[in-house]
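J.: Pasting in a structure now, in structure tokens, and then I'll have a few things to ask.
Taken together, the values in this text are just the output of simple stated rules run on the coordinates, not laboratory data. What you see is a predicted model, and the numbers here were worked out from it, not measured in a lab. Here Cβ is always computed from backbone atoms with ideal geometry, including for glycine, and neighbour counts include all displayed protein chains.
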Amino acid sequence: MASGAALSLIVLSLTFGFSLGLAFSVGMVLLAAGYILFQTSQVLAHADPRHHVAAALALFSSLALLFWYVIRIFLRARE
């Protein structure tokens, strides 16, 4: 539900030209941290050792999302 809401806000922002603020970036950092925890637990509990590349890509995508929004927070703090 949170992912759908975030995606909707991003699409609305692109469509109508308003800027998503610092609160959105902080919310996305929290969401990405939750993704990392959830995907790590899923990999440890259910992943087949032969599918290590898929598990690594899933974790990397969440880590990249987290990194992107942390950078956005730091860039906004510079302004």
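J.: With the crude spin-label approximation of a point 7 Å out along Cα→Cβ, what separation in nm comes out for T15 versus T40?
T.: 3.7 nm
J.: Going from the alpha-carbon gyration tensor of the chain, what semi-axes, largest first and in whole Å, does one get by taking the root of 5 times each eigenvalue?
T.: Values: eigenvalues 164, 40, 21 Å².
The equivalent ellipsoid of the chain has semi-axes of 29, 14, 10 Å.
J.: At 27 angstrom or more along the helix axis (alpha-carbon based) and mean Kyte-Doolittle of 0.5 or higher, what helices does the chain contain? Whole DSSP H runs only.
T.: Answer set is 22-46, 52-78.
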